[in-house]
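Have a look at the structure below, then the notes.
The values are calculated or read from the model by the stated rules, or taken from the named source; none is laboratory data. Predicted, not measured: the structure shown is a model, and the values here were computed from it. Backbone-built Cβ (ideal geometry, glycine too); neighbour counts: all protein chains shown.
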Amino acid sequence: MDTETYGLIGMLGITAVLLWYIMRLRKDNISDSIENNQPHIAGDDVLGGSAINPHQFDEPDEETLDMLGDLLEEAAEAQGLTYEE
């Protein structure tokens, strides 16, 4: 056999190994993707924590009330309505 034949056999061998490696990576990536992207089922997740001071939300301060009033006025204007307090 001449040098050209050995080169061709070597390139075919490298191509086969690379195809095998790419297919193995593809299979692993697909299985990881399926495993990590399952639909979430309500109640299966554990939600920890709560508000540090839940009583802070009982009475809004004046700044918050003013901001909400401005939002209501903007929403009314966008709909062509007149907002009156």
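General observations
- Screening the stretch 54-71 for residues that are among the charged types (D, E, K, R) and in a helix (DSSP H, G or I) and picking the one that is nearest to Thr82 (Cα to Cα) gives Asp70.
- For Glu74, the conditions (1) exposed (fewer than 10 other Cβ atoms within 10 Å of the Cβ); (2) in a helix (DSSP H, G or I) all hold with the exception of (1).
- When the residues of the stretch 30-48 are filtered to those that are among the β-branched types (Val, Ile, Thr) and assigned to a loop (DSSP other than H, G, I, E, B), the one that is modelled with the highest pLDDT is Ile41.
- Where a residue in the stretch 4-26 is without any contact (Cβ under 8 Å) to a residue 12 or more places away in the chain and its partner, wherever it lies, is outside any helix (DSSP H, G or I) and loosely packed, with under 10 Cβ neighbours inside 10 Å, with Cβ under 9 Å and at least six apart: Ile9/Met1
- Boolean, Ala51 is part of a helix (DSSP H, G or I), out of contact with any Asp or Glu (no Cβ under 7 Å at 6 or more places or on another chain) and of a type in the set (A, V, I, L, M): no
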